[in-house]
Amino acid sequence: MRILRCGRRAALVEVDALEQVLGLHACLSEDPPPGLVQLIPASRTLLVEYDPGRIGFDQLATELRGREAGTQVLAAERELVVPVSYDGADLAEVAELTGLTEDEVVARHLAGRYRVAFCGFAPGFGYLDGLDPALHVPRRSTPRVRIPAGSVALAGDYTAVYPRESPGGWQLIGRTELELWDLANYPPTALTPGTAVRFVRA
Amino acid sequence: MIEVLTAGPLGTVQDLGREGLAHLGVGRSGAADRPAAALANRLVGNPGSAAVLELTLGGLHVRLERGVLAALTGAPCPVTVSGRAVGSHAPFWVHAGEQLRVGAPVRGLRSYLAVRGGVAVEPVLRSRSTDLLSGLGPPPLAPGMVLPIGEDRLDWPAADLAPQAELPEVPTLSVLPGPRLDWFAADALRVLCARPYVVSGDSNRIGVRLTGAALPRLVERQLPSEAVVSGAVQVPPSGQPIVFLADHPVTGGYPVIGVVDEVPAAAQVRPGQQVRFRVAKP
């Protein structure tokens, strides 16, 4: 674990693997050190924002190191089931890139057990970890200007559901009618880091 | 009600922003120069959470349906009410039906107009801020828009003037090194602080883009995206630094060499202006 200064109100904790990010995130959420303001996970790091009036960087670093041993990924409390119509515009291209048939791509995507690793790129856009390595494909060389909300997509090690209409470069394999982003709710999405996700055929 | 007649180059509604949703990919947003917005609220007796108008290079022309106490802070602009001049950084009255005009600032970039009671557009995720990166919150001001005035107010203000130090011609920003200083060549901080940088025209609420000496990288591999903070000095492959402001992305894929202490000052620099960096005391 490396603990790096990130201005006067945040520390960036760098670890070796996503497992440890999720473990530390769970551990700090369960048992927050004094002055903790907010936690922002990413693939190899956890940003820990703190109130410098309540805790100093060195004391925070001690608190973080003290939790290192105790971090373990807790079993996800909730599982979100996402029904998908596998008719995405890039399904044929993904099949070609992976050397699988379209049916095999779909079967492997359905067989995966996923977890929201972190959110980024756009509000509510959750990077889902757990994708079958056979389905790791590059982003499209030319991003699309408009991707409809609910598009189920692949890029690199991750799969995701576009929560809102947006531009994007991921490979589209399907679409869900499930509304994953609702501004009338607070928080507006159920795809919080650590949540388990399973895809089923719509 | 505030009726927008002319919106100027860019006007948005801003408050303290959306706190605590960054882990869902929702950035904080909010006023770019937070102390200036807070002062505008104080001068009209609003709580700090009230929404104000953030004007970029002034240029606002509005009509007030009912009489209201107002104040302008941040970049000082000429302000007139029905043609009579009123000062900035001091509260003034606008009577029912009167028109308020804000000219262009002589120095600085962003001004804040507070009205007593606050701007009461519908909140989105508990904030009235416009986030220009994610598209959350109300649209930017446009002619014909009508903004309700709320009841977000405290006692009448005690102060009737808040003297301000003049904004510096070449502001100095203090950089606390890290988190990714070790991704840069050993002399990168010295290069950053050696000569002033020029503020680029494509700067916005997301960040201040700078042009000047390129910051040499040591580690060339790709950085997995990681969370960034306001004031972070991110360095893309061009080596030209960007100082993140209120609407910065939640995560970034380029290394951050340091974090600027004076985010409000960074929010006031305009295209063409110079800024200088120095290494902050730890």
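Of note:
- When B:Ser203 is tested against (1) buried (at least 19 other Cβ atoms within 10 Å of the Cβ); (2) more than 17 Å from B:Gln268 (Cα to Cα); (3) small (Gly, Ala, Ser), only condition (2) is not met.
- Residue within segment A:31-43 that is more than 17 Å from the chain's Cα centre (by Cα) and charged (D, E, K, R) present: yes
- One residue alone among A:Val105, A:Val82 is closer than 25 Å to A:Arg139 by Cβ, among the aliphatic types (A, V, I, L, M), in contact with a helix residue (DSSP H, G or I) (Cβ under 6 Å, 6 or more places away or on another chain) and at pLDDT 95 or above, and that residue is A:Val105.
- Single condition B:Pro224 does not satisfy, out of (1) more than 14 Å from every other protein chain (Cβ to nearest Cβ); (2) surrounded by 13 or more Cβ atoms within 10 Å (Cβ to Cβ): (1)
- Hits in segment B:134-175 (condition: modelled with pLDDT of 95 or more and aliphatic (A, V, I, L, M)): B:Leu136, B:Leu141, B:Ala142, B:Met145, B:Val146, B:Leu147, B:Ile149, B:Val170, B:Leu173, B:Val175
- Checking each residue in segment B:263-282 for being surrounded by fewer than 21 Cβ atoms within 10 Å (Cβ to Cβ) and in a strand (DSSP E or B) picks out B:Gln274, B:Arg276, B:Arg278, B:Val279.
- Residue within segment B:160-174 that is over 27 Å from B:Pro91 (Cβ atoms), over 23 Å from the mean Cα position of the chain (by Cα) and among the charged types (D, E, K, R) present: no
To keep it simple, each residue is scored yes or no on (1) touching an Asp or Glu at 6+ places or on another chain (Cβ under 9 Å); (2) within 15 Å of B:Pro179 (Cβ to Cβ); (3) in contact (Cβ under 8 Å) with a residue 24 or more places away in the chain.
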site	(1), (2), (3)
A:Leu18	yes, no, yes
A:His25	no, no, yes
A:Pro33	yes, no, yes
A:Glu49	no, yes, yes
A:Pro52	no, no, yes
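- Filtered residues of segment B:234-253 (kept if of a type outside the set (Asp, Glu) and within 21 Å of B:Asp131 (Cβ to Cβ)): B:Gln234, B:Ile242, B:Val243, B:Phe244, B:Leu245, B:Ala246, B:His248, B:Pro249, B:Val250, B:Thr251, B:Gly252, B:Gly253
- Close contacts from segment B:171-192, counting a first residue that is within 12 Å of chain A (Cβ to nearest Cβ) and a second that is in a loop (DSSP other than H, G, I, E, B) and surrounded by 19 or more Cβ atoms within 10 Å (Cβ to Cβ), with Cβ to Cβ under 8 Å and a gap of 6+ residues or different chains, come to B:Leu176/A:Gly7; B:Gly178/A:Cys6; B:Pro179/A:Cys6; B:Arg180/B:Pro255; B:Trp183/B:Pro255.
- Tabulated pairs, segment A:91-109, first hydroxyl-bearing (Ser, Thr, Tyr), second not in a helix (DSSP H, G or I), C-beta under 7 angstrom, 6+ apart or interchain: A:Thr98/A:Val137
- Residues that are away from every other protein chain (no Cβ under 14 Å) and surrounded by fewer than 18 Cβ atoms within 10 Å (Cβ to Cβ) do not occur anywhere in segment B:252-262.
- Residues considered: B:Gly67, B:Gly59. Of these, the only one that is surrounded by fewer than 24 Cβ atoms within 10 Å (Cβ to Cβ), on the phi > 0 side of the Ramachandran plot and more than 14 Å from every other protein chain (Cβ to nearest Cβ) is B:Gly59.
- Note on segment B:174-228: residues that are aliphatic (A, V, I, L, M) and either over 24 Å from B:Gln273 (Cβ atoms) or part of a loop (DSSP other than H, G, I, E, B) (or both) amount to 12.
- Criterion violated by B:Ser88 - all others in (1) touching a strand residue (DSSP E or B) at 6+ places or on another chain (Cβ under 9 Å); (2) modelled with pLDDT of 95 or more; (3) small (Gly, Ala, Ser) satisfied: (2)
- Residue count for segment A:90-104, restricted to those that are loosely packed, with under 15 Cβ neighbours inside 10 Å and not in a helix (DSSP H, G or I): 2
- In the set B:Ala114, B:Ala85, only one residue is without any contact (Cβ under 8 Å) to a residue 12 or more places away in the chain and of a type in the set (A, V, I, L, M, F, W, C); that residue is B:Ala85.
- Evaluation of A:Thr62 against (1) of a type in the set (Val, Ile, Thr); (2) surrounded by fewer than 20 Cβ atoms within 10 Å (Cβ to Cβ); (3) in a strand (DSSP E or B) (one fails), failing number: (3)
- Residues that are under 19 Å from A:Ala111 (Cα atoms), aliphatic (A, V, I, L, M) and surrounded by fewer than 23 Cβ atoms within 10 Å (Cβ to Cβ) were ranked within segment A:179-202; the one that is nearest to the other protein chains (Cβ to nearest Cβ) is A:Ala196.
- Single residue of A:Arg115, A:Arg140 found to be among the basic types (Lys, Arg), in contact with a strand residue (DSSP E or B) (Cβ under 7 Å, 6 or more places away or on another chain), assigned by the TED database to the domain that holds A:Ser166 and within 19 Å of A:Ala89 (Cβ to Cβ): A:Arg140
The values are calculated or read from the model by the stated rules, or taken from the named source; none is laboratory data. Everything quoted here is computed from the prediction, not taken from an experiment. We place every Cβ from the backbone using ideal geometry, glycine too, and count neighbours over all the protein chains shown.
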